[in-house]
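Enquirer: This is the structure I want to talk about, given as structure tokens.
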Amino acid sequence: MLLMTQEFARAVELLQAGELVAFPTETVYGLGADAANPQAVAKIFAAKGRPADHPLIVHLPGAAFLDRWARDIPAVAWELAEAFWPGPLTLILKRAPEVPYAVTGGQETVGVRVPAHPVALDLLRAYAQAGGGRNGMCGIAAPSANRFGRISPTDAAHVQEELGNSVALILDGGPCLVGIESTIIDLSRGDELPPRLLRPGHFTPEQIAMVIGILPELPEVRSGGNEPRVSGSLDAHYAPLTPMRLVATAQLPEVISEVRKAGRRCGLLVRTRQTLSVLPHSQRQLPDHPEGYARGLYAALRQLDQAGNDVIVVEDIPADSSWGAVADRLRRAACGSGSA
Ligand code: TXA
Ligand code: MG
């Protein structure tokens, strides 16, 4: 989608002035501000209702800007940047002294990525050309453009719903093609410790290993059906307001009829064709492969969440590692759901 030059000019002007601009990335829409300006960054936290000790990802126009933001950059960081940028990979590195603590959540590390969406890249480049914000740092801090803990927006209309009143401008770049947030790799622990996967995403640990020759340390994985696979911060993230349950394919008919018998409205999200004798109130089907599923996931959850259901039943996904990122988001969503 082509954006008008005036819209970019206005976006750059707002960012330079310390205001918020929402923009599309290939993963999800981001809520952007000058990452080198603590007052601008504070507006992000206020708009999202997000605790100020949560670090933000800094978006850069290219890998050439990396050393303004990070120091002691290991060789593997350059290798990953070369292989995957622009793209949905965030690197956690030691912060350069100029990086405000407002953006790192008070930590000594910083998260950086170069997004692949043409609108995001054009915006970052135009911003850099216009001076690149405070101290000419050329970084745009952007978390997902949703209220804290809620479903990430993958469409400009979602951003309008979530934050319409608190953002000066929303750049519309159409629906996001990846659909779930970037893979995050921690490279800040020095040479002795291996890179660590902090958030699974479109790029898999295996793809990363192909580039750097070592499999990143994975979050602790527990085995089995509906058990959370990622231990630690299974907090209310990516979550619908409606309670959500992951259910094995074979159990779907029984669970749906139980919900209906109890007089409750049932939403259903499937990836395979179902022949059900008792029908849910609303149903969405996503493609039965990880990329297609991820692309449609948040929009589908948002629709089922808004359809007045009492419960959202989600057909469980294969245990295969190619579904890892989707599994992570579904389990987090199920865990945080119904908490309004
Ligand atoms: O795909 C994405 O990454 C999207 C788009 C907009 O780029 N952004 C995104 O931002 O998902 P957000 O704020 O919703 O999630 C950022 C994640 C958080 O889990 C945060 O804890 C982690 O990145 N993060 C950022 N900086 C970090 C740091 N220095 N150390 C550890 N984790 C960090
Ligand atoms: Mg988020």
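Enquirer: Restricting to the stretch 184-217, what's the tally of residues that are closer than 14 Å to A77 by Cα and of a type outside the set (A, V, I, L, M, F, W, C)?
Expert: So the count comes out to 10.
Enquirer: Also, I was wondering about something else. Of all residues in the stretch 182-197, how many are within 12 Å of ligand 1 (Cβ to nearest atom) and farther than 17 Å from A81 by Cα?
Expert: Selection size over the stretch 182-197: 1.
Enquirer: Answer yes or no: is there a residue in the stretch 126-139 that is at pLDDT below 95, of a type in the set (G, A, S) and in the same structural domain as G179 (by TED's automatic domain parsing).
Expert: There is no residue in the stretch 126-139 that is at pLDDT below 95, of a type in the set (G, A, S) and in the same structural domain as G179 (by TED's automatic domain parsing).
Enquirer: Could you list, in sequence order, all residues of the stretch 100-148 that are of a type in the set (D, E, K, R) and either within 16 Å of ligand 2 (Cβ to nearest atom) or touching a Phe, Trp or Tyr at 6+ places or on another chain (Cβ under 6 Å) (or both)?
Expert: Listed by number, the residues that qualify are R113, R147.
So that you can scan it fast, the table gives a plain yes or no per residue for (1) in a helix (DSSP H, G or I); (2) in contact with a Cys (Cβ under 9 Å, 6 or more places away or on another chain):
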| site | (1), (2) |
| --- | --- |
| R295 | yes, yes |
| L301 | yes, no |
| L304 | yes, no |
| G308 | no, no |
| V314 | no, no |
| P318 | no, no |
| A327 | yes, no |
| L330 | yes, no |
| A334 | yes, no |
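Enquirer: Does S231 count as within 14 Å of ligand 1 (Cβ to nearest atom) and either at pLDDT 95 or above or not β-branched (V, I, T) (or both)?
Expert: The answer is no for S231.
Enquirer: While we're here: Give the residue that is surrounded by the fewest Cβ atoms within 10 Å (Cβ to Cβ), with candidates limited to residues of the stretch 130-151 that are in contact (Cβ under 8 Å) with a residue 60 or more places away in the chain and in a helix (DSSP H, G or I).
Expert: N135
Enquirer: Give the number of residues within the stretch 161-196 that are assigned to a strand (DSSP E or B) and surrounded by fewer than 22 Cβ atoms within 10 Å (Cβ to Cβ).
Expert: Summing the residues that are assigned to a strand (DSSP E or B) and surrounded by fewer than 22 Cβ atoms within 10 Å (Cβ to Cβ) in the stretch 161-196 gives 4.
Enquirer: If I go through the stretch 156-176 residue by residue, how many of them are away from ligand 1 (no atom under 12 Å from the Cβ) and within 13 Å of the chain's Cα centre (by Cα)?
Expert: Adding up the residues that qualify gives 0.
The values are calculated or read from the model by the stated rules, or taken from the named source; none is laboratory data. Bear in mind the structure is a predicted one, so any value in this text is a computation, not a measurement. Here the Cβ is made from the backbone with ideal geometry for all residues, glycine too, and neighbour counts use every protein chain on show.
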